[in-house]
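The block underneath contains the structure these notes are about, expressed in structure tokens.
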Amino acid sequence: MTGDSTVERVQAIVAGIAGPRRTPSDLGPGTPLWKDGLWLDSSEMLELIVACETEFGVVFDPAHDPIQEALKTVSSLAGVIRSKVKR
Amino acid sequence: MNADPKALLPAASGRTELWPVRPISYSPAVKAVNRGLNLLPWPWGEDMMALLGVVQAFARVSRLRRALRWAAAQPGARGRWGLALSLLSHHGRFIAMEALVGIREPEALRRHLIVEGEEHLIKAAEKGGTLLLGFHLGPSHVPLALRVIGHRVTLVGDLEHSGRRPGATWLPFLNPSESLSISGRKPGGRLGGLYQARRLLLDGGTLFITADGPFGSEAFRVPLPGGAMVIRSGWLALRGHTRAPTLPVLTYLDGRKRVVTIHAALPAVEADPARDMAVCRAALSPLLEEYVQRFPEQCRSLAFWS
């Protein structure tokens with residue numbers, strides 16, 4: 001547990017999308033969402049973004065939010081969500 | 001992951017250069033030939049490219065072998081060599097058509113266009129977001145064809161043409177801001193286009209996306225004579241997230257006419273994604289089987305790219 005509820009909630013969403021077979025036992029904030037990590041494809045990343053919008057009540061703005069950067073790890077995604085919730 | 005912010009959502013953020021929007025998959029030589037042939041009156045350039053498609057295969061024997069292999073796998077009375085040569089000829093012609101060789105203004109495209117099943121699109125678009133599902137079969141540029149007859153269609157992908165600067169009459173129809181790029185090998189790069197596409201559908205827009213192609217993860221395969229068509233998952237995700245009616249669109253060349261057939265919508269979206277995929281597969285398979293049976297000479301993606 002990280003003690004960061006945003007990270008933990010994102011982690012739970014990610015694990016649900018990747019499924020038990022692809023979710024590493026040591027899934028954590030630094031786990032890559034793509035290469036050498038969960039290997040989410042673009043459709044799954046779309047599912048992740050949509051699920052996060054619902055979960056956190058935010059709307060991503062692809063023209064301004066650094067979505068590609070956000071989708072590196074669980075932690076980076078949580079960071080972008082936190083910044084949007086604060087606004 | 002690409003850290004370059006310029007790589008983020010190029011079309012959606014309006015950062016795409018207006019030109020060039022050229023066929024990225026073709027060699028500079030093909031592009032140069034297309035430019036040269038573009039000087040000829042229509043359809044001479046297309047005819048020349050059709051001939052070149054055949055001639056080139058005798059220099060590039062691997063392509064000829066693939067064409068013969070494809071032809072041999074097709075049931076029916078057509079001779080293997082005849083079908084293979086027709087396939088090569090269509091391949092060359094489609095490259096010219098993709099580059100709009102000799103087509104100087106939208107009216108020229110409109111004159112040689114037949115759209116069947118347009119009522120399906122009108123009916124669906126009246127109700128809201130509509131997903132037009134295309135395939136790499138037959139001549140390309142379905143979104144462009146639909147735009148020139150008055151439909152506002154956003155393409156998920158990259159508009160391709162010869163690289164030449166078209167006349168002013170083309171500009172409203174070739175606006176890259178009405179394209180959402182999902183090319184690229186990294187899913188993060190493709191996500192931007194998919195996300196924008198979802199938004200557009202939820203806002204009631206009409207979107208054209210191809211089900212097959214080189215990018216995206218595989219959803220399922222449709223077995224066809226000569227090889228299976230790999231169906232990607234992007235459109236299924238969009239369909240699931242938006243519940244937009246999904247209309248399969250197939251296109252073929254009938255003499256000089258480009259025929260676009262818009263089929264009735266696939267069954268309504270199922271709540272269970274696996275079930276929805278199975279339903280779509282069951283609905284699409286007979287359409288694709290019929291297409292390959294009727295127009296095996298126009299299935300260049302299946303013959304050469306699979």
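Here, each number is a calculation from the coordinates, and none is a lab measurement. In this text the structure is predicted, and so the values were computed from the model without any measurement. Counting neighbours? That spans all protein chains shown, and the Cβs are built from the backbone with ideal geometry, glycine included.
Some notes on this structure:
- Cut-off of 10 Å, at most 11 other beta carbons, DSSP loop: longest stretch of chain B lacking such trypsin sites (Lys or Arg not before Pro): B:61-151
- Average beta carbon contacts from partner chains per residue of A:64-75, 10 Å cutoff: 4
- Virtual spin-label span in nm between B:Ala108 and B:Ser177, 7 Å along Cα→Cβ: 2.7 nm
- For the protein assembly as shown, the equivalent ellipsoid derived from the alpha-carbon gyration tensor has semi-axes of 39, 23, 20 Å in decreasing order.
- Taking chain B as a Gaussian network of alpha-carbon nodes connected by springs under 10 Å, the highest mean-square fluctuation of the residues B:Pro41, B:Pro296, B:Pro139 belongs to B:Pro41.
- Computed from Cα atoms, the angle from the helix A:42-56 axis to the main principal axis of chain A rounds to 60 degrees.
- Three-way shape label, the range B:188-264, alpha-carbon gyration tensor, a/c 1.5: oblate
- Annotation: Cα Rg of the range A:5-86 relative to the compact-globule expectation 2.2 N^0.38 Å equals 0.98.
- Largest GNM mean-square fluctuation across A:Gly19, A:Gly37, A:Gly28, computed for chain A with C-alpha springs under 10 Å, falls on A:Gly19.
- In percent, rounded to a whole number, the relative contact order of the range A:5-86 is 37, using alpha-carbon pairs under 8 Å and six or more apart.
- When the Cα gyration tensor is reduced to axis lengths a ≥ b ≥ c, the ratio a/c is 1.5 or higher for the range B:24-148, and with a/b not above b/c it is classed as oblate.
- Against chain A, whose longest principal axis is taken from its Cα atoms, helix A:5-22 shows a tilt of about 40°.
- Largest first, the three principal axis extents of the alpha carbons in chain B are 49, 44, 42 Å in whole numbers.
- Projected label distance in nm at B:Trp305 and A:Asp26, using a 7 Å step from Cα toward the beta-carbon: 4.1 nm
- With a simple spin-label model that places each label point 7 Å from the Cα along the Cα-to-Cβ direction, the separation between B:Arg243 and B:Glu119 comes to 2.6 nm.
- GNM on chain B, alpha-carbon springs under 10 angstrom: the most fluctuating residue among B:Gly82, B:Gly213, B:Gly129 is B:Gly82.
- Sites B:Ala59 and B:Ala283, calculated FRET efficiency, Cβ-Cβ separation with R0 51 Å, nearest 0.05: 0.75
- Cβ-derived FRET efficiency at R0 25 Å, B:Glu270 paired with A:Arg87, nearest 0.05: 0.10
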